[in-house]
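Chemist: Can you read through this structure? Questions will come right after.
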Amino acid sequence: MSNLKELEPYLVKNVEEYNASRPESLQFMSPKQMQHYDAKLTDTYGFDVDDCPGFMQGKVVPIRKKTREWCFSEKAAIYAAIAFRKEVEHPPLKSITLIKANNQAVGGLMYYLTFRAVDAVSVQATYQAKVWLKPGPDLITQYLAKVPGSERQVRHGSVSGKNSSTDVIRGFNYLVTLIRSQEPSSTYAKVRKVASRKWRALSEPEKLQFIVSAAKKRQK
């Protein structure tokens, strides 16, 4: 067998035979499951990956609410909103509410956190942060950014605005994916910076087109 195309049927057959003799929790991902997982990981950079079935080392998995890991994720989000902001000389965020959390085993644990928070001028927005729990233990915030277009002004305990935070995130991530396909050699930070600039320049109807496109893609 001299190339990958010849090897693929052989490998698929062996995976199928292995899975047939193992309980579901120990079965490897099928090629179709792997394709779905890779697409979600690429499109959202780990922040919005479903609970894809099948085993894989280093897999990004969602954290369920009301679990010990969720409680830790809430604390990690607070850490990112306060400690990391302090490091870059920005006022800390407050009123932090965790929306979604994923983690991944990477020489410790990497947490992919999506949360709402209010800044120093009473603007609520959705943020995404990557927090690495190193062996030791030691917490390191590798990334923290606001999801463009998710801002809402807080007034008298209420929040103004019509956009769903989740829809805005998915619409923005869809734009990031498009830009990344056009600039495959660019880093994540550069792609996101370009996407943020373009997103802020869009009108609400234009943003809605990306939100709708993201929703259609999720339904496929």
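The values are calculated or read from the model by the stated rules, or taken from the named source; none is laboratory data. Since this is a predicted model, take the numbers as computed values, not measurements. Virtual Cβ from ideal backbone geometry, glycine too; neighbours counted across all protein chains shown. For accessibility, only protein heavy atoms count, side chains too; no ligands or nucleic acids. Shrake-Rupley method; radii C 1.70, N 1.55, O 1.52, S 1.80 Å.
Chemist: Could you pull the accessible area for Asp51 with a 1.4 Å probe, rounded to 10 Å²?
Modeler: 90 Å²
Chemist: For Gln142 paired with Ile99, estimate the spin-label separation in nm (one decimal), with each label point 7 Å from Cα along the Cα-to-Cβ line.
Modeler: For the pair Gln142/Ile99, the computed spacing is 2.2 nm.
Chemist: As a test question: what accessible area, to the nearest 10 Å², does Trp70 have when a 1.4 Å probe is rolled over all protein chains in place?
Modeler: 20 Å²
Chemist: What is the extension gain from Glu69 to Thr42, computed as 0.36 nm multiplied by their sequence separation minus the C-alpha to C-alpha distance, in nm to one decimal?
Modeler: Additional length available on full extension: 7.3 nm.
Chemist: If you count only protein heavy atoms and use a 1.4 Å probe, how large is the accessible surface of Ile179, to the nearest 10 Å²?
Modeler: Spelled out: Ile179, probe radius 1.4 Å, area about 0 Å².
Chemist: Let me ask something additional. Give me the percent relative contact order of the range 88-137, please, defined on Cα pairs under 8 angstrom at least 6 residues apart.
Modeler: 34 percent
Chemist: Once you've got the Cα coordinates, tell me which of Lys66/Lys130; Lys100/Lys134; Lys65/Lys193 are over 25 Å apart.
Modeler: Long pairs (Cα-Cα over 25 Å): Lys65/Lys193.
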